[in-house]
Amino acid sequence: MTIKVIFFDFDGTIADTLHSIVGITNRLAVEFGHKPISTAEIAQIKNLSSRQIIKQSGISILKFPLLVAKVKSELNAEISKIQPFPEIKENLLELRKRVDKVGILSSNSKDNIFAFLELNDMDYLFDFIYTEAALFSKSRVIKKILKQEKIAPSESVYVGDETRDIEAAKRSKVTAIAVSWGFNSAAALEQYQPDFLIHQPAELIAAIDKLNTS
């Protein structure tokens, strides 16, 4: 097997956006009718799946897409405060030596992603950026890209920090690498049985090397 393309999630995988997103969501609580999240609750929420988090929030299913859109919009004003996870940039540089293409597939907006990458001198590290507004439709985009590029699922990897990222990878039949430094805890991710569960960016290199030699 030779890995040709790696898809990366953005929030919680490359960019440490958790506290900014929680802060924005809390500011919008009155407008959208949901309960603010306390600092103490963040650790508990990390152990829930993506679907469980949405259900527990109490946000109306009709209002949820509007809330997501508003959070993305307000996040743009905070992009300059958001940092990449430690060592992610250095390991992306190493990954580029091992695969043909590295890209981003995110439910965040292209404006936010481009602004972050430019501010952190990381825009040259990615060959493509795709965004998908629907939180649970990433698998459809992965399949479409692979078909366009004539790349087999077995030659592809999706790296993400949430249970929904693992689900998207499995539905697309690509290798799922889950990272524990983002939104979901290692315990929550492990329940969804990713192909690899890693705890620091340097482990990305080892995972790709293992796939390339298997």
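The values are calculated or read from the model by the stated rules, or taken from the named source; none is laboratory data. Just so it is clear, the model here is predicted, and its values are computed rather than measured. Note that each Cβ is placed from the backbone with ideal geometry, even for glycine, and that neighbours are counted across all protein chains shown. For accessibility, only protein heavy atoms count, side chains too; no ligands or nucleic acids. Shrake-Rupley method; radii C 1.70, N 1.55, O 1.52, S 1.80 Å.
Of Phe183, Phe7, which has the most accessible area and how do the rest follow, probe 1.4 Å? Kindly include the intermediate steps, with their values, before the conclusion.
Numbers: Phe183 40, Phe7 0 Å².
Result, largest first: Phe183, Phe7.
At 1.4 Å probe size, with no ligands or nucleic acids counted, give the accessible surface of Val141 in Å², nearest ten.
20
On a 0 to 90° scale, report how tilted helix 202-213 is relative to the longest principal axis of the chain, with both axes built from alpha carbons and the result rounded to the nearest 10.
Around 40 degrees separate the two axes.
Suppose the chain between Lys173 and Arg140 were pulled fully straight at 0.36 nm per residue; how much longer would it get relative to their current alpha carbon spacing? Each step should come with its number before you reach the end.
Working: separation 33, 0.36 × 33 = 11.88 nm, distance 1.13 nm.
So the extension gain works out to 10.7 nm.
Multiplying the sequence separation of Glu149 and His19 by 0.36 nm and subtracting their Cα-Cα distance, what value in nm do you get? Show your work: numbers first, answer last.
On the way: separation 130, 0.36 × 130 = 46.80 nm, distance 3.59 nm.
This chain segment gains 43.2 nm when fully extended.
Determine which lysines satisfy two conditions relative to Lys35: a Cα distance under 26 Å, and not lying fewer than 8 residues away in the same chain.
Lys46, Lys55, Lys63, Lys70, Lys72, Lys81
Over 26 Å, how big is the tail of the calculated P(r) for the chain, in percent of all Cα pairs?
Details: 7090 of 22791 pairs.
Tail of the P(r) past 26 Å holds 31 percent of the pairs.
Taking K and R as +1 and D and E as -1, what net charge do the other residues with C-beta under 15 Å from the C-beta of Gly58 add up to?
Numbers: positive: Lys35, Arg51, Lys55, Lys63; negative: Glu31, Glu41.
So the environment of Gly58 carries a net charge of +2.
Long-range amide H contacts for Ile104: which residues qualify at under 5 Å (H placed 1.01 Å from N, peptide plane, sequence gap of 5 or more or a different chain)?
Result for Ile104 returns Phe8, Phe128, Ile129, Tyr130.
In terms of solvent-accessible area of protein heavy atoms at a 1.4 angstrom probe, what is the ranking of His34, His19, highest value first? Please list the in-between numbers first.
Values: His34 15, His19 125 Å².
Largest accessible area first, the residues go His19, His34.
Calculate how steeply helix 163-172 sits against the longest principal axis of the alpha-carbon atoms of the chain, using the helix alpha-carbon long axis, and give the answer as 0 to 90 degrees to the nearest 10.
Computed tilt is about 40 degrees.
Roll a 1.4 angstrom probe over the protein heavy atoms and tell me the percent of accessible area of the range 88-178 that is carbon or sulfur.
On the way: 1920 of 4000 Å².
Within the range 88-178, the accessible surface is 48 percent carbon and sulfur.
Could you sort Tyr130, Tyr124, Tyr158 by their accessible area in this structure, using a 1.4 Å probe and putting the largest first?
Listed by decreasing accessible area, they come as Tyr124, Tyr130, Tyr158.
Between Arg96 and Lys63, what is the label-point separation in nm under the 7 Å Cα-to-beta-carbon projection?
If labels sit at Lys63 and Arg96, their model points lie 4.4 nm apart.
Note the full-extension length gain between Ser185 and Lys35 as 0.36 nm times their separation in residues minus their Cα-Cα distance, in nm to one decimal.
Numbers: separation 150, 0.36 × 150 = 54.00 nm, distance 2.16 nm.
Extra length from Ser185 to Lys35 when fully extended: 51.8 nm.
Rounded to the nearest 0.05, what FRET efficiency do Lys210 and Glu78 give with R0 = 41 Å and r taken as the Cβ-Cβ distance? Could you check?
Details: r = 37 Å, r/R0 = 0.90.
My answer for the efficiency is 0.65.
Would you compute, from DSSP H runs of 4+ residues alone, the mean residue ellipticity of the chain at 222 nm, taking -39500 (n - 2.57) per run and dividing by the full residue count, rounded to the nearest 500? Could you put the intermediate results ahead of the total?
Values: 11 runs with 100 residues, N = 214.
After summing the helix terms and dividing by residue count, I get -13000 deg cm²/dmol.
Heavy atoms of the protein only, probe of 1.4 Å, neighbouring chains included. What is the accessible area of Arg96 in Å², nearest 10?
Near enough 80 Å² of accessible area.
Under a 1.4 Å probe, what is the accessible area of the range 134-214 per residue, stated in Å²?
On the way: 3630 Å² over 81 residues.
Normalised by residue count, the accessible surface of the range 134-214 is 45 Å².
Quick check for you: with a 1.4 Å probe and neighbouring chains kept, what is the accessible area per residue of the range 33-75, in Å²? Can you show the working numbers first?
On the way: 2690 Å² over 43 residues.
It amounts to 63 Å² per residue over the range 33-75.
Through the Karplus equation 6.51 cos²θ - 1.76 cosθ + 1.60, θ set to phi - 60°, convert the phi angles of the range 73-83 into ³J(HN,Hα) values in whole Hz; use x for Gly and Pro.
Per-residue couplings from phi come out as 5, 6, 5, 4, 6, 10, 4, 5, 8, 7, 10 Hz.
Can you tell me the mean projection area, over all orientations, of the convex hull of the range 106-204's alpha carbons? Units nm², please. Numbers along the way, then the final one.
Values: hull surface 26.0 nm².
With every direction weighted equally, the projected area is 6.5 nm².
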